[in-house]
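Remarks on the structure that follows.
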Amino acid sequence: DEEKMEVIKAPPGPHQVVAGPGSGKTELLTILVLKSIFVEGCNPKSIIITTFTEKGAKNLRDRIIRYADYVTSINPGIKKTIDLSGLRIGTLHGLCTQIMQEYRYEGYENYRLMDEVEHYLFVYDHSVLAKDSSKKQYYKVIWENLPFLFSHYGIPYKKPSFLDGGRYPSKADRTHAAITLFNHLTEDLINIPLMKKAGNFWTLLAEAYEKYLHEMERHKRCDFSTLQKKFLEFLDSPRAYNFIQGDGTSMHPGIKYVFVDEYQDTNPIQEKIYFKTAEKTKNLTIVGDDDQALYRFRGGTVDCIVTFDKACERFWNIKLPKTHQHFLMSNYRSHGAIPSSVL
């Protein structure tokens, strides 16, 4: 339709596409990727496409391959010159692991990426916040100032007074709380040295976080949040030059396009990763809907999609033109008989 054609014909540069459910955003991303490959002659290895789930990534990859097969079936000569196996598509966590291993980044050599269960058990066994006991209560001041971490356990936990009368959080509860805090400290790019200077419970929390990072390094373990932190460090290292800038070969073509689906669930560290990865060409296209931000409990923040134009100024010192902001209003998923008043 005209809305999507406007995006497809748009000039290079950063683009923000606000698309509701059923508007065809997956279809749009597929066409944009195919256009960059078949029309512009872009090396598939210089394209990054990320989405929030493995299922979403597989759906997008299958669609790209299916459409590409159709294109090559009517133009057989193209198939010999284009290899889609190099296309970088997946969740950000999966791509971070794959790219750091491909470029042999020493900051991620021989690390084990923990799944959710392993992460919980590691924090349970090694975090000083989890190992604190009801007898010591060394970190009680943290729980007093952050009682919302336990609010889902009932009314008594919603106020600092829940610690009175022997209601000290169990080790399991402290472990869950520690994981929440550590993830936010990493993903929200909190300045830890500044936090340590703040005094009171902030200093204790910063020290507990640093001890947790030290334990992970000592045991060569990595959680999903720290994986992104390591990838950001990789992007600032000499190893990343061939990855981002390229060396003129087909093996290292550099990054020309970055496409991000479900951008409303992006967090600050992911935002920085996307902007640093696309800094060579500024061809960053983000697709999402601020009304569908569902994963704040996992670190996602709607701020990233709402303030995308300001991020372009902050990271690249460029102003996002109004022509680079697009809205897909059509809905192809709901039945036409449903009254618009219901929708």
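The values are calculated or read from the model by the stated rules, or taken from the named source; none is laboratory data. Since the structure is predicted, the reported quantities are computational estimates derived from the model, not experimental observations. Positions of Cβ are generated from backbone atoms using ideal geometry, with glycine treated the same way; all protein chains shown enter the neighbour counts. These accessible areas exclude ligands, DNA and RNA; they are computed on the full protein's heavy atoms, side chains included. Shrake-Rupley method; radii C 1.70, N 1.55, O 1.52, S 1.80 Å.
Would you calculate a helix-derived [θ] at 222 nm for the chain, using -39,500 (n - 2.57) for each DSSP H run of n ≥ 4 and dividing by the full residue count, to the nearest 500? Kindly include the intermediate steps, with their values, before the conclusion.
Numbers: 15 runs with 152 residues, N = 343.
Helix-only estimate at 222 nm: -13000 deg cm²/dmol.
Could you compute the net charge surrounding Lys35? Neighbours are other residues with a C-beta less than 15 Å from the C-beta of Lys35; K and R count +1, D and E count -1.
+1
Give me the distance between the Cα centres of the stretch 222-283 and the stretch 130-149, rounded to whole Å.
Computed from Cα coordinates, the inter-centre distance equals 37 Å.
Can you work out the Karplus-derived ³J(HN,Hα) for every residue in the stretch 98-108? Use 6.51 cos²θ - 1.76 cosθ + 1.60 with θ = phi - 60°, whole Hz, and x for glycine or proline.
4, 6, 5, 6, 4, 9, 6, 6, 5, x, 10
In whole Å, what three semi-axes, largest first, describe the equivalent ellipsoid of the stretch 5-46 built from its Cα gyration tensor (square root of 5 times each eigenvalue)?
Values: eigenvalues 78, 29, 16 Å².
So the equivalent ellipsoid measures 20, 12, 9 Å along its semi-axes.
With no solvent and one point per C-alpha, what does the Debye sum give as log10 I(q)/I(0) for the stretch 71-117 at q = 0.16, 0.29 Å⁻¹?
Each listed q maps to, in turn, -0.63, -1.09.
State which entries of Lys171/Lys211; Lys256/Lys322; Lys230/Lys322 exceed 28 angstrom in Cα-Cα distance in the structure shown. Let's see the in-between values first.
Working: Lys171/Lys211 18 Å; Lys256/Lys322 22 Å; Lys230/Lys322 34 Å.
Violating the 28 Å Cα-Cα cut-off are Lys230/Lys322.
Would you mind checking which residues have amide H under 5 Å from Arg221's amide H? H placed 1.01 Å from N; only 5 or more apart, or other chain.
Excluding prolines and chain starts, which carry no amide H, the hits are Arg112.
Taking θ = phi - 60°, what integer Hz values does the Karplus form 6.51 cos²θ - 1.76 cosθ + 1.60 yield along the stretch 220-227, in sequence order, with x for Gly and Pro?
6, 10, 8, 8, 5, 5, 5, 4
May I have the extent of the alpha carbons of the chain along their three principal axes, as whole Å values ordered from largest to smallest?
74, 56, 36
Provide the per-residue ³J(HN,Hα) series for the stretch 205-219, in order, calculated from phi with Karplus coefficients 6.51, -1.76, 1.60 and θ = phi - 60°, each as a whole number of Hz, with x at glycine and proline positions.
5, 4, 5, 5, 5, 5, 5, 5, 4, 4, 5, 5, 5, 5, 9
Tell me which residues come under 5 Å, amide H to amide H, from His252 once H is placed; ignore anything under 5 positions away on its chain.
Under 5 Å from the amide H of His252 lie the amide H atoms of Asp247, each far enough along the sequence or on another chain.
Check His15: other-chain or 5+ apart residues with amide H under 5 Å from its amide H, H built from backbone geometry?
Result for His15 returns Leu284, Thr285, Ile286.
Using only alpha carbon pairs under 8 Å that are at least six residues apart, calculate the relative contact order of the chain and give it in whole percent. Before the final figure, lay out each step's value.
Details: 458 pairs, mean separation 97.6, N = 343.
Dividing the mean separation by the residue count of the chain yields 28 percent.
I'm a student and want to see the number: the projected area of the Cα convex hull of the stretch 1-95, averaged over all directions, in nm².
Reported value for the Cα convex hull: 6.6 nm².
Sort 67-74, 90-97, 185-192, 248-255 by packing, meaning the average of other beta carbons within 10 Å per residue, with the highest value first.
Result, highest mean Cβ count within 10 Å first: 90-97, 185-192, 248-255, 67-74.
Over what distance in Å are the Cα centres of the stretch 170-184 and the stretch 48-99 separated?
What the calculation gives is 37 Å, centre to centre.
At 1.4 Å probe radius, can you tell me the per residue accessible area of the chain in Å²?
Value returned for the chain: 52 Å² of accessible area per residue.
Can you give the angle from 0 to 90° between the axis of helix 268-277 and the longest principal axis of the chain, with both taken from C-alpha atoms, to the nearest 10?
40 degrees
Which percent of the accessible area of the chain is formed by carbon and sulfur heavy atoms (probe 1.4 angstrom)?
Ligands and nucleic acids excluded, carbon and sulfur reach 53 percent.
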